[in-house]
Amino acid sequence: MAFALLSKSQLRPVICALLCISLFSDHYDVLRRASALGINYGQVGNNLPSPPQVVQLLTSLRISKVRIYDVNPQVLSAFANTGIELIVTVPDDLVPGMAASASQALQWLTAGVRPYFPATRVTGIAVGNEVFTGDDEQLKASLVPAMRNLHAALAQLGMDPYVRVSTANSLAVLATSYPPSQGVFTQQAAPYMAQLLRFLAETSSPFWINAYPYFAYKDDPTKVSLDYALSNPYHVGAVDPYTRLQYTSMLYAQVDAVTFAAARLGYGNVAVHVSETGWPSKGDANEAGATVENARQYNRNLLMRQVSGEGTPLRPRLRLEVYLFALFNEDMKPGPTSERNYGLYQPDMSMVYNVGLNQLSTTSAASLSSLATSPASRRVSTSTNS
């Protein structure tokens with residue numbers, strides 16, 4: 001554990017600082033009420049539709065934010081003049097070279113992104129993926145220097161006002177995530193996190209977290225409340241004993257835990273966005289909870305929270321930006337069955353289940369109450385650790 005957990009008296013200044021930041025931000029947070037819901041468009045499959053077909057689907061659903069895992073020129077071309085915001089990715093193997101050479105960062109940007117910009121609305125670059133919870137120490141040490149070189153390259157090309165540089169982190173960077181107010185980074189990750197958060201604060205970029213309550217439920221379904229993991233709104237949830245904030249969503253609790261962890265390093269003003277979250281519709285025999293109904297419920301609950309403009313309990317007036325994982329089931333992904341079944345859609349573009357995006361694209365927000373899930377049972381686990 002990176003730091004000793006704080007007592008109530010020690011925690012009070014941290015909470016006050018975070019609340020002051022939240023209140024100070026309210027005057028411009030209202031301007032961000034436009035949709036904060038995005039989706040991850042993975043391509044690890046041999047039967048996926050063409051990029052123009054994907055764009056047509058996304059446009060019909062009025063999804064305005066998409067994350068991809070490369071700089072595929074066919075995809076970048078297909079998104080031109082659509083107005084859809086795109087996050088692109090630098091693969092892990094290119095990170096050390098970018099850290100060692102500013103010219104390599106500039107070359108990657110000039111060859112892979114600049115030719116399509118601004119017709120293709122690239123708004124973010126994810127450098128690597130879940131680097132700080134891997135085993136490659138050189139890669140960890142290279143990440144922030146690579147991000148700095150990439151940001152300098154954006155500035156050189158005049159793109160830095162429009163494109164934010166960040167990296168997607170696994171929730172495993174936290175040593176403690178429950179209760180949220182006790183969120184703290186692991187001893188191994190903390191030194192890197194200080195460097196990362198300093199860069200994000202300097203460039204007004206968000207901290208991206210890949211957060212999957214499904215894993216918490218799968219690992220201990222007898223103790224973790226399914227309602228809580230699914231973000232069902234009609235249950236008691238969990239109350240943080242230090243802040244007295246009530247959480248009906250494990251995902252939102254995880255986000256606040258990251259915010260508290262960042263605040264302990266002096267960066268409570270850095271926004272936390274969810275770069276990946278989802279629930280599999282199918283799994284192996286030992287993958288508890290991987291069902292179509294649970295997947296539909298989880299993603300629909302997040303959709304409804306987006307429609308209502310809901311923020312986390314710590315930052316209630318700032319709607320949480322979330323990227324669902326994923327658009328399609330991807331048949332070539334390795335690992336357990338669940339890995340190939342996170343998609344909202346089959347590769348033939350038929351729905352795996354109806355999460356409500358079709359209704360959202362044709363219905364006003366005021367009339368979306370019909371999409372709400374039925375009241376969940378009010379069971380609350382004795383342990384809701386995430």
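The values are calculated or read from the model by the stated rules, or taken from the named source; none is laboratory data. Computed from a predicted structure; not experimentally measured. Cβ: placed from backbone, ideal geometry, glycine included. Neighbour counts: every protein chain shown.
Within the stretch 156-182, which residues are surrounded by fewer than 18 Cβ atoms within 10 Å (Cβ to Cβ) and either touching a helix residue (DSSP H, G or I) at 6+ places or on another chain (Cβ under 8 Å) or within 20 Å of residue 315 (Cβ to Cβ) (or both)?
Passing the criteria: 156, 157, 160, 172.
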Query raised in the report: Do we have residue 242 as within 18 Å of residue 305 (Cβ to Cβ) and either crowded, with 21+ Cβ neighbours inside 10 Å or out of contact with any strand residue (DSSP E or B) (no Cβ under 9 Å at 6 or more places or on another chain) (or both) here?
Result: no
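Taking the stretch 190-217 only, how many residues are part of a loop (DSSP other than H, G, I, E, B) and either in contact with a Leu (Cβ under 7 Å, 6 or more places away or on another chain) or under 26 Å from residue 155 (Cβ atoms) (or both)?
So the answer is 4.
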Query raised in the report: Conditions: (1) over 26 Å from residue 214 (Cβ atoms); (2) in contact (Cβ under 8 Å) with a residue 40 or more places away in the chain; (3) among the charged types (D, E, K, R). Residue 202 meets all but one. Number of the miss?
Result: (2)
Query raised in the report: From the set of residues in the stretch 277-307 that are β-branched (Val, Ile, Thr) and at pLDDT 95 or above, which is nearest to residue 321 (Cα to Cα)?
Result: 277
Query raised in the report: Quick one: which of 50, 64, 103, 77 is in contact with a helix residue (DSSP H, G or I) (Cβ under 7 Å, 6 or more places away or on another chain) and not β-branched (Val, Ile, Thr)?
Result: 77
